[in-house]
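Here's the structure, in structure tokens; my notes come after.
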Amino acid sequence: PASKSGSNPGITEFVGTAIGDTIGLVIANVDPMLHQKMKLDPKYRSIGILGARTGAGPHIMAADEAVKATNTEIVAVELARDTKGGAGHGSLIIFGAEEVSDARRAIEVALKELNRTFGDVYGNDAGHIELQYTARASYAVNKAFGAPLGKAFGLIVGAPAAIGVLMSDVAVKTANVELVAYSSPANGTSFSNEVILMVTGDSGAVRQSVTAAREVGKKLLEAMAGPAPSSTTPYI
Amino acid sequence: PASKSGSNPGITEFVGTAIGDTIGLVIANVDPMLHQKMKLDPKYRSIGILGARTGAGPHIMAADEAVKATNTEIVAVELARDTKGGAGHGSLIIFGAEEVSDARRAIEVALKELNRTFGDVYGNDAGHIELQYTARASYAVNKAFGAPLGKAFGLIVGAPAAIGVLMSDVAVKTANVELVAYSSPANGTSFSNEVILMVTGDSGAVRQSVTAAREVGKKLLEAMAGPAPSSTTPYI
Amino acid sequence: PASKSGSNPGITEFVGTAIGDTIGLVIANVDPMLHQKMKLDPKYRSIGILGARTGAGPHIMAADEAVKATNTEIVAVELARDTKGGAGHGSLIIFGAEEVSDARRAIEVALKELNRTFGDVYGNDAGHIELQYTARASYAVNKAFGAPLGKAFGLIVGAPAAIGVLMSDVAVKTANVELVAYSSPANGTSFSNEVILMVTGDSGAVRQSVTAAREVGKKLLEAMAGPAPSSTTPYI
């Protein structure tokens, strides 16, 4: 889907909208009772909220850049089973901050990054594939995927899940990478129809692994239901 | 969606249909083997069955009125991840009764109430918000949400979940209410893309809390994707 | 949906596509690191992969025939919450084999069987019902449902779940069958909006049980939203 314009609702807490039915919000002082129910760290009175109907990988990668650029921490990453009838996840990501200006800046950075991080999401009527790559994983990627901080990280997703199995095999055979995790419909996802592989290692190897998986995944998806274009513009 | 007419299938157990792809059924004497597998209380040989593709809150509130009006008990409330590509839940609610006439009456009452309880469900292409209010919670609300019996109760739902976070904060800041529970995609939902807040307290405060959350939620949803009309007619 | 033609992507591992956005793949030598992450039995270096956006019952029944016909084992059956906005499951089934030719043959058999096993899946805008029957359950049915090997087996599914409750009651009252399992949105499904009954016993009784449930289920579904045709051609 194309990026949403989103009209300003005249609410202080509203930051903006983005592709994937994404909305970005901030709360300057979270109500103490709610703060406790949300199990937030007491040191953060302000939060940034990034939520979407479609997409979790793109949002986690965008949040990773936001954390690098601001004085915030990722305090929660939750994956809904969504994508509006698609095979994947929606997401809810909460940033903690001592100052609301930091929370707002984090959400602004994340919303802006989404156009890039949707670049290697390819879809058609049968499903989707998603690839993500960073030369240096930060705290959002670490929190969400358990990837080592400061190292290259690659995310490889195929849906229906069968495609993700073959993409995973190609990814690990192509280059000398380490496996961080392997998720499937019944293990590690919110029952999404995806197989998700997470790899780390030397940046060149991770990139090679991801691009090889992309090639085979795209061919399989297109064999099922024709052209599977990028959601925006490929970045890897 | 508009209320479904539903043709009579000529089956004794059929009671009727309603909005949300809802169907109401009764079984006069549940088969003993099935009765055991369903873990029903042996004292109830009859059951009423209320199920829907779209909606859980509206059905639980409708069931609450049905329990008040009949000699039945809520024996199960199960939430599917459904809404036909939407962000929320479908539902399966089972009433236990000693007499099938009681079970049938409960289903009739619940089916009729649904037109009202869908009144504060507002939706558009980006998601939905839902508000529910009762001055006196009964056994269905208690069973499903853990709300105290006989007290005012309010339900506040926002989808995508990010909207529900801000609605929750507004709700608890607006009036002096107590929190019953807070659910999110990874905690307390069936991986729906919702944040759900449940509040109790003085009836005026609960109502004020719910209507304030409605106002901000509707603005946010409409900022994402334009007008978000009521599914029927607002009642709160 | 009609059977997909599927163009050949020119990938050795590709076997074919089928109804339900199904894809069949093989891997001759699973990468050792991935093999371990997937928790495969070390004796199987080759795997067959059967995955679909729509359907789990049809795929498990098809896999059951594939296992009977080949030298393979079912090593995993995972159910996604999918069906592209529908009320049910998608699936990922992994066959283990010592030789890739066996894995490929299993996938070929399964893909071919799907046209039959979708025969008693009936759907309309409100939901679906599904019936399956075999005179002799094999290892896929045993693995997925816990059904006894070599005995007749019947699967009864209704969605929305309320329909499945009444279908289940009719099924067990109609004939002298034993219950294998009863699943519902919150127990035994991946939060699908289904009630699923599994029965075993004398083959005549199982068949009678299944066809009686089909009759009532179809009437209820059609009372909700009009004609609910077979996905292909009924086989029971």
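The values are calculated or read from the model by the stated rules, or taken from the named source; none is laboratory data. Predicted, not measured: the structure shown is a model, and the values here were computed from it. For neighbour counting, all protein chains shown are included, and Cβ atoms are generated from backbone atoms with ideal geometry for every residue, glycine included.
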(request) Please state which of the following conditions A:ARG104 fails to meet, knowing it meets all the rest: (1) touching a residue at least 40 places away in the same chain (Cβ under 8 Å); (2) touching a helix residue (DSSP H, G or I) at 6+ places or on another chain (Cβ under 9 Å). (result) (2)
(message) Among the numbered criteria (1) acidic (Asp, Glu); (2) closer than 25 Å to C:SER192 by Cβ; (3) more than 10 Å from every other protein chain (Cβ to nearest Cβ), which one does A:ASP202 miss?
(response) (2)
(request) Please find, among B:ALA110, B:ALA135, the residue that is more than 10 Å from every other protein chain (Cβ to nearest Cβ) and within 19 Å of B:VAL26 (Cβ to Cβ). (result) B:ALA110
(request) Considering each of A:GLY146, A:GLY204 in turn, give the residue that is on the phi > 0 side of the Ramachandran plot and surrounded by fewer than 24 Cβ atoms within 10 Å (Cβ to Cβ). (result) A:GLY146
(request) Would you mind telling me which numbered condition in (1) in contact with a Ser or Thr (Cβ under 9 Å, 6 or more places away or on another chain); (2) hydrophobic (A, V, I, L, M, F, W, C); (3) facing another protein chain (nearest Cβ under 7 Å) C:ALA103 fails? (result) (3)
(message) Can you go through A:ASP120, A:ASP169 and tell me which one is under 20 Å from A:GLY204 (Cα atoms) and within 15 Å of the chain's Cα centre (by Cα)?
(response) A:ASP120
(request) Consider C:ALA147 carefully, then state whether it is touching a strand residue (DSSP E or B) at 6+ places or on another chain (Cβ under 6 Å) and modelled with pLDDT of 95 or more. (result) yes
(request) Would you check if there is a residue in segment A:218-234 being touching a strand residue (DSSP E or B) at 6+ places or on another chain (Cβ under 6 Å) and more than 30 Å from C:ASN8 (Cβ to Cβ)? (result) no
(message) Take B:ASP82 and tell me if it is without any contact (Cβ under 8 Å) to a residue 40 or more places away in the chain, touching a strand residue (DSSP E or B) at 6+ places or on another chain (Cβ under 8 Å) and not aliphatic (A, V, I, L, M).
(response) yes
(message) Against the condition closer than 19 Å to A:GLY217 by Cβ, at the interface with chain A (Cβ under 9 Å from one of its Cβ atoms) and not hydrophobic (A, V, I, L, M, F, W, C), how does C:THR17 come out, does it pass?
(response) yes
(request) Taking only segment A:49-64 into account, find how many residues are closer than 10 Å to A:ILE19 by Cα and within 10 Å of chain B (Cβ to nearest Cβ). (result) 3
(request) Determine if segment B:139-152 includes at least one residue that is free of Cβ contacts under 8 Å to residues at least 12 places away in the same chain, within 18 Å of the chain's Cα centre (by Cα) and more than 14 Å from chain A (Cβ to nearest Cβ). (result) yes
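Would you point out which residue out of B:LEU179, B:LEU197, B:LEU166, B:LEU155 is buried (at least 23 other Cβ atoms within 10 Å of the Cβ), at the interface with chain A (Cβ under 9 Å from one of its Cβ atoms), part of a strand (DSSP E or B) and hydrophobic (A, V, I, L, M, F, W, C)?
B:LEU197
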(request) Tell me which residues, restricted to segment B:222-235, are within 25 Å of A:ASP31 (Cβ to Cβ), at the interface with chain A (Cβ under 9 Å from one of its Cβ atoms) and in contact (Cβ under 8 Å) with a residue 60 or more places away in the chain. (result) B:GLU222, B:MET224
(request) Give the number of residues within segment C:200-236 that are in a loop (DSSP other than H, G, I, E, B) and farther than 18 Å from C:ASN176 by Cβ. (result) 10
(request) List the number of the failed condition for B:TYR235; all other conditions in (1) surrounded by fewer than 19 Cβ atoms within 10 Å (Cβ to Cβ); (2) over 19 Å from the mean Cα position of the chain (by Cα) hold. (result) (2)
(request) Taking C:VAL172 as the residue in question, decide whether it is at the interface with another protein chain (Cβ under 8 Å from one of its Cβ atoms) and touching a helix residue (DSSP H, G or I) at 6+ places or on another chain (Cβ under 7 Å). (result) yes
